[in-house]
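The values are calculated or read from the model by the stated rules, or taken from the named source; none is laboratory data. Keep in mind that this is a model prediction, so the values were computed, not measured. All Cβ positions, glycine included, derive from the backbone under ideal geometry; neighbour counts span all protein chains shown. Protein only, heavy atoms only, side chains kept; ligands, DNA and RNA dropped before computing areas. Shrake-Rupley method; radii C 1.70, N 1.55, O 1.52, S 1.80 Å.
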Amino acid sequence: RAKSEGKGTYHFFEAALDEEARRRRQLELDLRSAVREGGFELHFQPLYSMAEQRLKGFEALIRWNHPERGLVSPAEFIPLAEETGLIVQIGEWVIRDACARAAAWPGHLSVAVNISPRQFTSPVLAQTIVQALAASGLPANRLELEITESIFIGNVERTLAMLHSLRGLGVRIALDDFGTGYSSLSYLRSFPFDKLKIDQSFVRDLGRDASAGAIIRAITTLAAALGIETLAEGVELESTMEALQREGCDLIQGYLVSRPVPDGAVPALITRLAGEAPHRAAAG
Ligand code: C2E
Ligand code: MG
Ligand code: MG
Ligand code: MG
């Protein structure tokens with residue numbers, strides 16, 4: 001009996017694996033046609049300076065407009081795009097579209113673009129950026145690249161050379177999801193980042209957990225000493241914003257200020273944020 005049950009279980013898992021492989025294969029095919037046919041759009045989320053009480057720019061966040069499934073979040077398809085190499089083409093589109101959109105905004109606003117590890121090592125990245133800036137007319141200092149610590153896994157020398165050559169184009173470089181990697185501090189010595197984006201996980205626990213506050217204070221103190229700006233991700237509550245201000249954080253991003261919005265909603269958001277400080281009632 002035990003034996004036949006074991007066999008049944010085996011068939012069950014085999015079927016489940018087949019199903020998973022089939023689903024992945026279909027998703028990959030859909031992703032390929034989205035790349036061919038332009039099935040993506042960018043949403044934009046404000047980056048807000050607490051000290052200046054002023055909007056500084058937006059982060060571009062990709063959405064996949066899937067024919068049957070509607071808007072698909074990047075958490076679902078970016079990993080697949082990385083594995084299949086499609087991220088390079090998708091990333092090129094992101095950079096071009098983000099620069100083109102940002103060129104229409106007031107001149108003091110910047111745009112931040114996420115660069116995934118595989119895209120970072122692609123030899124065409126610098127050329128893509130140069131062309132996107134030229135085509136859009138966006139000044140290089142209004143483009144910020146968000147990279148994560150995972151680009152340091154592997155050839156550190158090559159990574160640093162790449163960072164310096166990108167910086168040489170005049171763009172800004174931010175370290176995203178700061179604190180979630182395995183040896184964050186050593187990278188701060190090796191490259192002068194413009195901004196640290198403190199990961200949501202620390203921000204969420206602020207006020208609930210004394211150690212989260214201590215960690216944020218340590219990060220902002222260190223960053224200030226190194227001349228690096230700090231931004232807290234995932235700020236949803238007014239009380240969190242106030243605590244971050246006390247801990248010396250420069251910028252916030254999160255639902256408190258606004259959720260990511262489609263390009264068409266950006267002008268109204270710029271107007272709203274010019275007139276009022278972020279508060280709970282404004283959270284969508
Ligand atoms: P990320 O770069 O850390 O982006 C921040 C994520 O936090 C976004 O999720 C944003 O919608 C979400 N978020 C912002 N404020 C809040 C908040 O107050 N509460 C909560 N719970 N979440 C908040 P999203 O748009 O789903 O993107 C997820 C990740 O996908 C991004 O994390 C980034 O790593 C990646 N990604 C997004 N767009 C691109 C892209 O164009 N290229 C690449 N390579 N990766 C991208
Ligand atoms: Mg990011
Ligand atoms: Mg982030
Ligand atoms: Mg994150």
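Close contacts from segment 130-152, counting a first residue that is small (G, A, S) and a second that is in a helix (DSSP H, G or I) and at pLDDT below 95, with Cβ to Cβ under 6 Å and a gap of 6+ residues or different chains, come to S150/P117.
Listed conditions (1) over 20 Å from T148 (Cα atoms); (2) within 16 Å of ligand 4 (Cβ to nearest atom); (3) crowded, with 18+ Cβ neighbours inside 10 Å are all met by M241, apart from (2). Inside segment 219-238, can you point out the residues that are open to solvent by less than 50 Å² (accessible area, probe 1.4 Å) and either within 16 Å of ligand 4 (Cβ to nearest atom) or of a type in the set (S, T, N, Q) (or both)? Hits for segment 219-238 are I219, T220, T230, L231, A232, E233, G234, V235. The residues in segment 92-127 that are within 16 Å of I173 (Cα to Cα) and assigned to a helix (DSSP H, G or I) can be counted, and the count is 8.
Of the residues making up segment 249-264, those that are surrounded by 14 or more Cβ atoms within 10 Å (Cβ to Cβ) and outside any loop (DSSP other than H, G, I, E, B) are L251, I252, V261, D263.
Per the listing S136, S186, S190, S211, the residue uniquely more than 16 Å from ligand 1 (Cβ to nearest atom) and at pLDDT 95 or above is S136. Of all residues in segment 171-202, those satisfying the criterion of being buried (at least 20 other Cβ atoms within 10 Å of the Cβ), of a type in the set (A, V, I, L, M, F, W, C) and under 14 Å from the mean Cα position of the chain (by Cα) are A174, L175, F178, L196, I198. Among the numbered conditions (1) modelled with pLDDT under 95; (2) touching a Lys or Arg at 6+ places or on another chain (Cβ under 8 Å), the only one that L145 does not meet is (1).
Taken together, the residues in segment 130-170 that are open to solvent by 10 Å² or more (accessible area, probe 1.4 Å) and acidic (D, E) amount to 2.
Taken as a whole, the structure places I216 among residues that are within 16 Å of ligand 4 (Cβ to nearest atom) and open to solvent by less than 40 Å² (accessible area, probe 1.4 Å).
Please go through segment 27-66 and pick out each residue that is part of a strand (DSSP E or B) and open to solvent by 40 Å² or more (accessible area, probe 1.4 Å).
Of all residues in segment 27-66, those part of a strand (DSSP E or B) come to 40-49, 54-66.
Selection gives E41, R54, K56, R63, N65.
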